[in-house]
There are 2 protein chains.
Amino acid sequence: MTITSSHVRGRTDLCTAIEDELSGLIGKRASAATAYGPDFARLWALAGQNVLGGKFVRPLLLMETYDALQKPHHQGHGTTETRRRETAITIAAAIELLHYAFLLHDDVIDGDLVRRGHPNLIGSLLAEAGENSRAGSALHWAQTGGILMGDMLLAATHQSFARADLPHELRLRLLDLLEHTINETVAGEQLDVGLGDGVIAPDLQTILVMCGYKTATYTFELPLRGAAALAGADFGVENALATAGRHLGLAFQLQDDLLSTFGDPRRHGKDPFSDLREGKETAIIAHARTTNAWQDIEAFFGRPELSVDDGEHVRRHLSDCGAEAFVQGLIEEQMQAFNNQLTTTIPASVRNVLLDLAGQLEGRQS
Amino acid sequence: MTITSSHVRGRTDLCTAIEDELSGLIGKRASAATAYGPDFARLWALAGQNVLGGKFVRPLLLMETYDALQKPHHQGHGTTETRRRETAITIAAAIELLHYAFLLHDDVIDGDLVRRGHPNLIGSLLAEAGENSRAGSALHWAQTGGILMGDMLLAATHQSFARADLPHELRLRLLDLLEHTINETVAGEQLDVGLGDGVIAPDLQTILVMCGYKTATYTFELPLRGAAALAGADFGVENALATAGRHLGLAFQLQDDLLSTFGDPRRHGKDPFSDLREGKETAIIAHARTTNAWQDIEAFFGRPELSVDDGEHVRRHLSDCGAEAFVQGLIEEQMQAFNNQLTTTIPASVRNVLLDLAGQLEGRQS
C-alpha cells in the first residue's frame, strides 16, 4: 500500500511539473502571439488547450525513467542534479509538443476533425470559421491552421532542445536523437499514407515496420533514450531501453488494431468498423490476405458505406480465418522480446517503470 | 570594369560555397534516407534537386552583408575569422532550407503543382504515383509528401542553427531570430489564406502587414539581422539593416503584384490573369475596392473561368481607377524609406550591397 501511494503521489508531482513547464512554454508564445492578431493568437490558444488536456504519456515515461536511473545518493540534492532534472523536464515537455505537432499534421493528412470524441484544432477552427468564410473555404482555412500550428510546434520542440542547459556534447546527442526520431516518424507516416493510398504494397513486414517507425520511435524510444542520455547512463543501458521500448511500442500498436476491430465499442468509444471502412492496412488485414477468407472479405474492405451487418460479417471472417489469433501471437512475441530485454543490463529500478507501463497493456479495453 | 569583374567573381565564389554547404546538408540526409525505402529517399532526392536549382537570394544577401560588415583587417585571415565565416555559410544555407520548407507548405496550402514552369515536389510525386495509386488518391499521396518534406526541412533548418559553432549567447540570439522569423512568416501565411478564404477583411493595412510578414521578414530581415549578429555588428546597425530590409522587401512584394497584373507575360512567364482568377487580395485590389470602378470589377474578381477579354477589361479598369498608380506610389514610399535608412548608421560597404539589391527592383520584368 505504501509503495502504491508513494508511486501515485510521485506521478501526480511529475504531472504537475510537466504541466507547469508546458504552460510556461505555450503561455509565453500565446502571449506574444496576440501581437499578430486574433486569428494567429487563436491557434496558440487552441493548441494550449489541447496540449494541456493530454495524458503526458511520453513526458511521464521520460521523467520516471530518468528518476529511476539516478543512483540513490544523487537523487534531487546538489545544484547540478537539480538543474539537470529541470532540463529533463524541459526536454520531456518538448517531446509532448512534438507529439502534438505530429498529431496535427496527421489530422490534416487524414482529414480528421475529431480526436477522442472532441473537435481537434482543425475541427474547432472549422466550427468558428463557418459563418465568416467564403463558401467551401472554411475547411481549407481550418486545415491551413493545422499545418501552420504543427510547424510552430515543431519549431518550439527544436527550440527547447537547442537551448537546453546542458554540456554542448550532450545537447548535440539529444539533437541527434531528435533528428533520428523525426526521420523515423516521417518515414512511418509516409508508409502509412502510401499503404492507404495504394502506392505501397500491403505486406506484413511493411506494416510492422510502419507501426514501429510511426509510433514506437517517438512514443517509447525517444523518451527512453532521452532519459538515459540526460541521466548519463551507459550506452549499453540506453540501447537496451530503446530495444525494450520498441518491442513494447509495437505491442501497443498491434493491440490498438485488435481493439479497433474486435474490441467493445462501448469501452473504446470509436466506430467499431472505421478501420474496415477506411481500408486501413493493418497486420490483421495483411494476414487475412494470405488466407482463403480474403476473397470474401475483399469486397467489403475499404467501403465507406459498409453496413453494421456487413461489418459483423467481415469481423467474423477475420476471426475465423485466424487473423485475430495471428496478431495476438505477434503481440506475445513482442512482449517476450520485451521481457528478454529487461533481464539484460537494465537496472531494477527502471525495470519497474517499464513493467508498470507494460501492465497497462493487459486487460486494456480502450 | 575591374570592380564589376571582382564583384561577379565574388558572387560566383559565394554561390559555390553556399551550393557546397547545401549539397553537404542535403546529401548526408539523402544518403541516410535510403535506409527507409525508395519513397522516403525520393523525397530527399526531389528536395535536393529543387533546393540546389535555386538562386540563393537569401544566403547570398546574408553572406554579402556579412563580408561587407567585416573590418578590412579582419577579412578571412585568422583562424577565428575563418571559422566564423564557415558558420555564416552554414546559417546562410539553413535559411535556404527554411525558404524551401515555407514554399512546400505554401504549395500544399495553395494546391500548387508547378513553380516557375516546372513541377514542384508535389507535382513530381503526383506524376510518379499516377499509375500505382488507388483511384483519386495520387494527389493525397503527393501533398502528404509536401507536408512531410516541409517538416523535415524545417527540422534541418533548426538543426543547423542549434549546432552552429558559435559562443552560446550568440547561438541563442540566432535561435531567437529564427523563432521570430517563423512566427511572422506563419502569421503572414495565415493572413494571406484568411484573405483568400474570406475569413479576414481585405483592407489595405492588413494586406500590407501580410506582405511584410509573409515574405519580407524571412527574405530580407532574417539574412540581414543574421549577418549583423554573426559579424558582431552593433545592435543599432542590425536594426537599421532590418528596417531597410523590410522596406525593400515590401517594395519587391508590391512590385510582384503589379507585374502579375500589368506586366508583360512574355517576360514574367505567368498567366497574366491568375491573380484575378484566384481572387488574390492585393494592394491593387484593396485600392480598387475604395473606388467607383469596383462595382464593375467585382463581378469578374475571383472567377476561375475569367476570359482573356474580361481579364483585359478588368485590367483597364484597375489602371483607370488609379489602383496601378496608387501601388506605384506605395512602392516609391517604401523605396524612399529604404533610402532614408541607408543614410543612418549603415556602413558604406553594406550600403552598396543593399543598393545593388535595390537596383534589381528597377526595370524588373519578372
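What follows is calculated from the coordinates using simple rules that are stated; it is not laboratory data. Note that the structure is predicted; figures quoted are calculated from it, not measured. Methodologically, a virtual Cβ is constructed for each residue, glycine included, from the backbone with ideal geometry; neighbour enumeration extends over all protein chains shown.
Cβ crowding within 10 Å, taken as a proxy for footprinting-reagent exposure, orders B:Leu250, B:Leu175 from fewest neighbours to most as B:Leu175, B:Leu250.
Across region B:1-165, Cα-Cα pairs farther apart than 25 Å form 39% of the total. Our summary gives region B:1-165 a relative contact order of 24 percent, counting only alpha carbon pairs under 8 angstrom and 6 or more residues apart. Loop-located trypsin sites (Lys or Arg not before Pro) in region A:108-204 (DSSP state not H, G, I, E or B) with no more than 13 neighbouring Cβ atoms inside 10 Å: A:Arg116. Label zone of A:Asp165 (point 7 Å out along Cα→Cβ, amide N under 20 Å): in region B:167-204 this covers B:167-176.
The mean count of C-beta atoms from other chains within 10 Å of the C-beta of residues in B:211-223, rounded to a whole number, is 0.
Once the chain from A:Thr34 to A:Asn339 is taken as fully extended at 0.36 nm per residue, the excess over their C-alpha distance is 104.8 nm.
Between A:Gly37, A:Gly279, A:Gly145, the GNM of chain A built on Cα springs shorter than 10 angstrom shows A:Gly37 fluctuating the most. Between A:Leu355 and A:Thr290, the C-beta separation translates, for a Förster distance of 30 Å, into a calculated FRET efficiency of about 0.30. Between B:His180, B:His118, B:His317, the Gaussian network model of chain B with springs among Cα atoms under 10 angstrom shows the greatest mean-square fluctuation at B:His118. Restricting the GluC sites (Glu not before Pro) of region B:286-335 to loop positions (DSSP other than H, G, I, E, B) with no more than 12 neighbouring Cβ atoms within 10 Å leaves B:Glu305. Over chain A, dividing the summed -39,500 (n - 2.57) contributions of all DSSP H runs of at least 4 residues by the number of residues returns a 222 nm mean residue ellipticity of -24000 deg cm²/dmol. Along its first, second and third principal axes, ordered by size, chain B spans 66, 57, 40 Å in Cα coordinates. Using the charge dipole of chain A (Lys, Arg: +1 at Cβ; Asp, Glu: -1 at Cβ; taken about the Cα centre), state which of A:Leu125, A:Gln190, A:Tyr66 has its Cα farthest towards the positive end. The residue sitting farthest along the positive end of the dipole is A:Tyr66.
Comment: the Cα-to-Cβ extended label point of B:Asp203, at 7 Å, lies 6.2 nm from its counterparts in the other copies, nearest first. Each semi-axis of the equivalent ellipsoid for region A:85-182 is √(5λ) with λ an eigenvalue of the Cα gyration tensor; in descending order they amount to 33, 12, 11 Å.
For region B:173-366, the C-alpha radius of gyration divided by 2.2 N^0.38 Å, with N the number of residues, is 1.11.
A Förster distance of 45 Å, applied to the separation of the beta-carbon atoms of B:Lys55 and A:Ser274, puts the FRET efficiency at 0.45.
For the segment B:138-148, counting C-beta atoms of other chains within 10 Å of every residue's C-beta and taking the mean gives 6.
The magnitude of the dipole of the protein assembly as shown, with charges of +1 and -1 set on the Cβ of Lys/Arg and Asp/Glu and taken from the Cα centre, is near 1760 debye.
Here is how far apart the A:Asp264 label points are across copies: 7.7 nm, shortest first, using a point 7 Å from Cα toward Cβ.
Between the alpha-carbon centres of region A:281-311 and region B:102-165 there is a gap of 32 Å. Under a 5 Å amide H cut-off, with hydrogens placed 1.01 Å from N, B:Arg115 pairs with B:Asn120 among residues at least 5 apart or on other chains. Pairs of C-alpha atoms in region A:203-251 farther apart than 18 Å represent 31 percent of all such pairs. Pull out a ≥ b ≥ c, the square roots of the eigenvalues of the alpha-carbon gyration tensor of region B:22-63, then state rounded if a/c is under 1.5, prolate if not and a/b is larger than b/c, and oblate in the remaining case. Since a/c reaches 1.5 and a/b is larger than b/c, the shape of region B:22-63 is classed as prolate.
Neighbour counts of other Cβ atoms within 10 Å put B:Ser31, A:Ser319, B:Ser260 in the fewest-to-most order B:Ser31, A:Ser319, B:Ser260. Over the C-alpha trace of the protein assembly as shown, radius of gyration and Dmax come out as 27.6, 88 angstrom.
Each residue of region A:174-187 is assigned a 3J(HN,Hα), and the resulting list reads 5, 5, 4, 4, 4, 5, 4, 4, 5, 4, 5, 5, 5, 4 Hz, derived from the Karplus form 6.51 cos²θ - 1.76 cosθ + 1.60 (θ = phi - 60°), x at Gly and Pro.
Across region B:236-253, coupling constants 3J(HN,Hα) worked out from phi with the 6.51/-1.76/1.60 Karplus curve, θ = phi - 60°, read x, 5, 4, 5, 5, 4, 4, 5, 4, x, 5, 5, 5, x, 5, 4, 4, 5 Hz, and Gly and Pro carry x. Please tell me the relative contact order of chain A in percent, rounded to the nearest whole number, where contacts are Cα pairs under 8 Å and at least six residues apart. In percent, rounded to a whole number, it is 16. Each residue of region B:157-287 gets 128 Å³ once the volume of the Cα convex hull is shared out per residue.
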